[in-house]
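J.: The structure under discussion is supplied below as structure tokens; questions concerning it will follow.
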Amino acid sequence: MSLGTPRSLASSGQKNIQDIRHPLCAAEESASSRSADALIHPGSGAATGGGGGEKDLSLPNGTPVETSSPASSSSLLNRLQLDDDLDGETRDLFVTVDDPKKHVSTMETYITYRVCTKTTRTEFDLPEYSVRRRYQDFDWLRNKLEESQPTHLIPPLPEKFVMKGVVDRFSEEFVDTRRKALDKFLKRVADHPVLSFNEHFNAFLLAKDLNKRQGLALLTKMGESVKYVTGGYKLRGRPIEFAAMGDYLDMFTQKLGTIDRIAQRIIKEQSEFLMELREYGPVYSSWSSFEEELHDPLEGVSGCVSNCSSALDELTEDMSEEFLPVLREYVLYIESMKTVLKKRDQVQAEYETKLEAVVFREDKKTPVPTDVEKCQDRVECFNADLKADWDRWQNNKRQDFRQLLTGMADKNIQYYEKCLAAWESLIPSLQDKQEARDETN
Amino acid sequence: MADSGSEEIAVIGNTDLTPSESENNLKNTMVEKGTNLLKRMEINVAEAEKRTGKNAVNMQETYTVYLIETRPVDAASEGTNPVPDSLWRRYSEFELLRNYLLVAYPFVVVPPLPEKRAEFVWHKLTADNMDPDFVERRRVGLENFLLRVASHQVLSNDKIFYSFLTEENGWKETVFETGFQAKADSRLKALNATFRVKNPDKRFADMKHYGDELQSVISQLLRVRARAADRLYGVYKVHGNYGRVFSEWSAIEKEMGDGLQSAGHHMDAYAASVDDILEEEEHYADQLKEYLFYADAVRAVCRKHELTQFELEMAAQDLTSKKQQREELATGTVRTFSLKGMTSKLFGQETPEQREAKLKMLETQIEEGEELVKERNTECDEYVKSAWVDIERFKEQKDHDLREALISYAIMQISMCKKGIQVWNNAKECFSKM
């Protein structure tokens, strides 16, 4: 809590944050586009086969990689409904990541992804772009964004380092999980009212070759390039709302961890159940081999159990590949948010310290008052940016989890529906024979 | 209550039915409601109770007794609905009854009792005989046993069975008076003995083989099913953890809170639903177990055939060798090597009187032997006839019952799937309101 100079800090934190209008804050933006893009704009990457004109060096197992996750009719509806939340705001920049391809050179082997952009913005010369990027390039982009937009929450990237020998970096599963995360990353940047106009982002989307050296002229929208030094400034008192954010993030992380563990446990139990089912079904088959009248019914049951096994296998796989990664990526997102909160704390601390120096000391070491004003500006802008990003993040989180959990429910429903169909189709064949027999009696 | 049926037909220990009599009894092949005792009498095992008392070695023990209620069918249909007659029996008495029936009617595939101890249990299910769920399932199994016996053309007419249902006191003594215990011991010995039969009836050999295979496959099925039940239990119960974490999470959320909270309740409901599901499946397991034990009964009937066949073959073999001896003695030629022959060669021939005496003895023995062979032959034939009829009856019953069991199993699965769909739909609705 601020002790020494409450009045001086008034403008930085106690004012109702809603009243501070972010210069570039658009009207209520709550969109989470993500794969809704793929559905609304079929051209932007859904179900493409061979990709660009390059010869296909397809993935190890030789199959063309599926670029967008198949949507069941119910989850399709969910995504379309989410778009109704847009509140009339028109998006003018759509980005997708698809078509992973393996590149083998003498030095290294790596995967590139196609990044497709569709836009009506005038900053862009063309309405459509398509470039190939590898993970390194995404990493570069993120670093640049963090550097140039330090007051904003930059969405996270999937984990950079993968333990070789433990995870196969080129397996279809790993590549697809990463692709989805990269796609989400770009979509979040594209949806951000400030980040989407960042010149590095621009370059990332368009440039044939990313010149990753500092060749580009830096023209930041914020004015001068601001460098934030995280040098031991001690924070007096964090405004309540930012403290609350921190608390929330801590508790949320904890809950996510629990959910992750539960999901993993369920997958494990289901896998073990599946193992038993795989032994259970065939026993009916071997029984049928020495029965006459009962041969067909027993075979039928064996077949049913087998169908249920396949359905369960799919459910477990889906949960592993789609549910868990998204959950884990949110933990990264939370980490990013915490980092921004810390930076904000630092900026405030710097301001407080400098202000203190001015107020309490009248010697040569005192900084120029304008310096203090700049600090105050920084604090206010940061707080405003952060607040706006926080709201956006909360909204996105809500939609993301709604979608994630609804998806989980859907997968379970589909599993049960498949099993139900299998068993229901068995009943008439079991009972028909019964009636036929009764008739001949 | 005692009336016409019981006096006329086969009673205690009488396996000497003439072929025509057996055929008469076994005309009807479908056994459900059509036959004898069950036509006249309603039987059910209504309750179970705990008792304590002193056992044979004067020690305190706790055991369960079951209430058997019987009521004449006619009375019930007249609408008067009189109070049923009833008596209490414990499991060991059922066992005694069954052991008696096994000895008295070796050509019948005698219905099995529910298991003595819980086997093929999965972890939640207890192996405790006093557990109320176990007792309840046993009650159902005992009732099923009685109904099966009461609907069997041959077994239902047995006096001992009848008095089991109607006379509480002194029944045990009556059973022991039949002297079946001695036969029971020799029966067991014979069943476990190893002997080689030269010409078994192929149908019985095949049926025995079938019984072995059935026993093996059902055992395996029950084992795997129990393990699968364990796993399924785990899957459902872990979902209960979602209930708790969603509840905790909803506390730190604003708009998402309600949706999460209610979804959590549905996850709890989902976790709880597995108890009923698995209880129902135990019923299916019990149906399979009955036929697991039936396989044993089938095997016993086939073994009995082997035994009678073997005894016939032994008698025939004995007769043949006696005849051979007579021939040798009569003609003086020794066709086969025998110690007697050697010793007589070494130590001199017998006197004519001795030979005469021997011949006479052999003749008598041969006569007796021929009678025996004839007897055993008849025995064998009759046994084959009546046993095969019962085996055919059993086969039809098995096909019918197991088909029914599979149908009800499929229905159970369908119900489980529908419940699952409903719960997840409910949860999905809550999620969509987040």
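The values are calculated or read from the model by the stated rules, or taken from the named source; none is laboratory data. Values in this document were obtained by computation on a predicted structure and should not be read as measured data. Because the Cβ atoms are built from the backbone with ideal geometry, glycine has one as well, and the counts that use them run over all protein chains shown. Surface accessibility is based on the protein's heavy atoms, side chains included, excluding ligands, DNA and RNA. Shrake-Rupley method; radii C 1.70, N 1.55, O 1.52, S 1.80 Å.
J.: As a test question: what accessible area, to the nearest 10 Å², does B:ASP268 have when a 1.4 Å probe is rolled over all protein chains in place?
T.: 70
J.: Starting from the exponent 0.38 and prefactor 2.2 Å, build the expected Rg for the stretch B:212-296 from its residue count and divide its actual Cα Rg by it.
T.: That works out to 1.65 for the stretch B:212-296.
J.: Right, next: Return the whole-Å distance between the Cα centroid of the stretch B:45-74 and the Cα centroid of the stretch A:290-320.
T.: 43
J.: Another question, then. What accessible area per residue comes out for the stretch B:148-216, rounded to a whole number of Å², with a 1.4 Å probe?
T.: Counting only protein heavy atoms, the per-residue value for the stretch B:148-216 is 54 Å².
J.: Here is a further query. At 7 Å along Cα-to-Cβ for each site, give me the label-to-label distance between B:ASP131 and B:GLU279 in nm.
T.: 1.3
J.: Moving on to the next point. Accessible area per residue for the stretch B:361-402 in Å², computed with a 1.4 Å probe and the full protein assembly in place, what is it?
T.: Solvent-accessible surface per residue comes out at 52 Å².
J.: With all protein chains present and a 1.4 Å probe, how do B:ARG117, A:ARG121 order by accessible area, largest first?
T.: From most accessible down to least: B:ARG117, A:ARG121.
J.: Using the Cα centre of the stretch A:227-441 as the reference point, and only Cβ charges (+1 on K/R, -1 on D/E), how large is the resulting charge dipole? Debye, rounded to the nearest 20.
T.: 2360
J.: What list of ³J(HN,Hα) values in whole Hz, one per residue of the stretch B:58-65 in order, does the Karplus curve 6.51 cos²θ - 1.76 cosθ + 1.60 (θ = phi - 60°) give from phi, with Gly and Pro shown as x?
T.: 6, 10, 5, 9, 10, 8, 10, 10
J.: Along the stretch B:244-253, what does the Karplus equation 6.51 cos²θ - 1.76 cosθ + 1.60 (θ = phi - 60°) give for ³J(HN,Hα), rounded to whole Hz, x for Gly and Pro?
T.: With the stated coefficients, the stretch B:244-253 comes to 5, 5, 5, 4, 5, 5, 4, 5, 9, 10 Hz.
J.: Further, regarding this structure: Taking θ as phi - 60°, what are the ³J(HN,Hα) couplings along the stretch B:231-240 by the Karplus curve (6.51, -1.76, 1.60), each to the nearest whole Hz, with x for Gly and Pro?
T.: 5, 4, 4, x, 4, 5, 5, 4, 4, x
J.: Okay, moving on. Put a dot 7 Å past each Cα toward the Cβ at B:GLN422 and A:VAL359; how far apart are the dots in nm?
T.: 6.6
J.: How far apart, in nanometres, would the label points at B:ASP258 and B:ALA272 be if each is projected 7 angstrom from Cα along the Cα-to-Cβ direction?
T.: Taking the two extended label points, one gets 2.3 nm.
J.: Can I get the semi-axes of the stretch A:316-425's equivalent ellipsoid? Compute them from the C-alpha gyration tensor as square roots of 5 times the eigenvalues, in angstrom, largest first.
T.: Over the Cα atoms of the stretch A:316-425, the semi-axes work out to 54, 11, 7 Å.
J.: So, one more: So if I place +1 on the C-beta of Lys and Arg and -1 on the C-beta of Asp and Glu, and nothing else carries charge, what would the dipole magnitude of the stretch A:92-211 be about its Cα centre? I want it in debye, nearest 20.
T.: 240
J.: Here is a further query. Take the solvent-accessible surface of the protein heavy atoms, probe 1.4 Å, and return the percent of it on the stretch B:124-193 that carbon and sulfur atoms account for.
T.: Roughly 51 percent, rounded to a whole number.
J.: Next question, about the same structure. In whole Å, what is the distance between the alpha-carbon centres of the stretch B:240-291 and the stretch A:139-201?
T.: First find each Cα centre; the distance between them is then 37 Å.
J.: Suppose the chain between B:ALA251 and B:LEU188 were pulled fully straight at 0.36 nm per residue; how much longer would it get relative to their current alpha carbon spacing?
T.: 15.7 nm
J.: If N is the number of residues in the stretch A:92-211, what value comes out of its Cα radius of gyration divided by 2.2 N^0.38 Å?
T.: 1.07
J.: Of the options A:VAL131, A:SER148, A:PHE174, report the single residue whose Cα projects farthest towards the positive end of the charge dipole of the stretch A:129-183 (beta-carbon charges: Lys, Arg +1; Asp, Glu -1).
T.: Working it through, the farthest residue towards the positive pole turns out to be A:VAL131.
J.: In what sequence, largest accessible area first, do A:TYR415, B:TYR242 appear using a 1.4 Å probe?
T.: A:TYR415, B:TYR242
J.: Solvent-accessible area of A:SER429, probe 1.4 Å, all protein chains present, reported in Å² to the nearest ten, please.
T.: 60
J.: State, in square angstrom and to the nearest 100, the accessible area buried between chains A and B, both chains counted, probe radius 1.4 Å.
T.: The buried area between A and B, both sides summed, comes to about 5600 Å².
J.: Contour minus end-to-end for B:MET314 and B:GLU363, with contour as 0.36 nm per residue of separation and end-to-end as the Cα-Cα distance?
T.: 15.8 nm
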